[in-house]
Amino acid sequence: MPRNTEARVAFADFLTRLATGDDADWEKYIVAHYEDDFLEEMRRCVMRMRHYSNAVWGDTDSNNMLRHWANALQLSTNTEISVIDSSRVKLTVTASEFVVLDSILRRFSETDDFTVNDAVERQTLYNLQCLCEKYDAHSMLPEIQDARQELSPD
């Protein structure tokens, strides 16, 4: 399903305002449902955080999470993704994302430890997943089984 960039940007702005305590547009953004699966999941996450979590609404952790979600939505609308040819995809990340991803991958290659150590690593991996979600040409990519077979060291 195609993404609605304007809706994502508007929802990201709402989340940023919500993190500052301004919930004036709650009914407009949270009661609505979205055809965009990613945006709908963000809406559900906000609902769960407000109604079902143990977090205190408006505390630092909640506000930080809202800002992270807003950032992920922004990234899903303004990051370059292009097909170079039928076998290559180009993802463009920020310099900070690159540094954190490189750190995670180096730790993994040196220790075989692929754990997420903190909120920054979690957010960076989430941002990368958002980039993958943004890529509309999944039908041009190989199936997971074919990709795994091609990359298998056997």
_Just to check your reading of the model, which residue among 146, 102, 85 is more than 14 Å from residue 72 (Cα to Cα), modelled with pLDDT under 80 and out of contact with any Cys (no Cβ under 6 Å at 6 or more places or on another chain)?_
85
*Of the residues that make up the stretch 43-66, is at least one modelled with pLDDT under 80 and touching a Lys or Arg at 6+ places or on another chain (Cβ under 8 Å)?*
yes
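The values are calculated or read from the model by the stated rules, or taken from the named source; none is laboratory data. On a predicted model such as this, the values are computed, not experimentally measured, just so you know. Here Cβ is always computed from backbone atoms with ideal geometry, including for glycine, and neighbour counts include all displayed protein chains.
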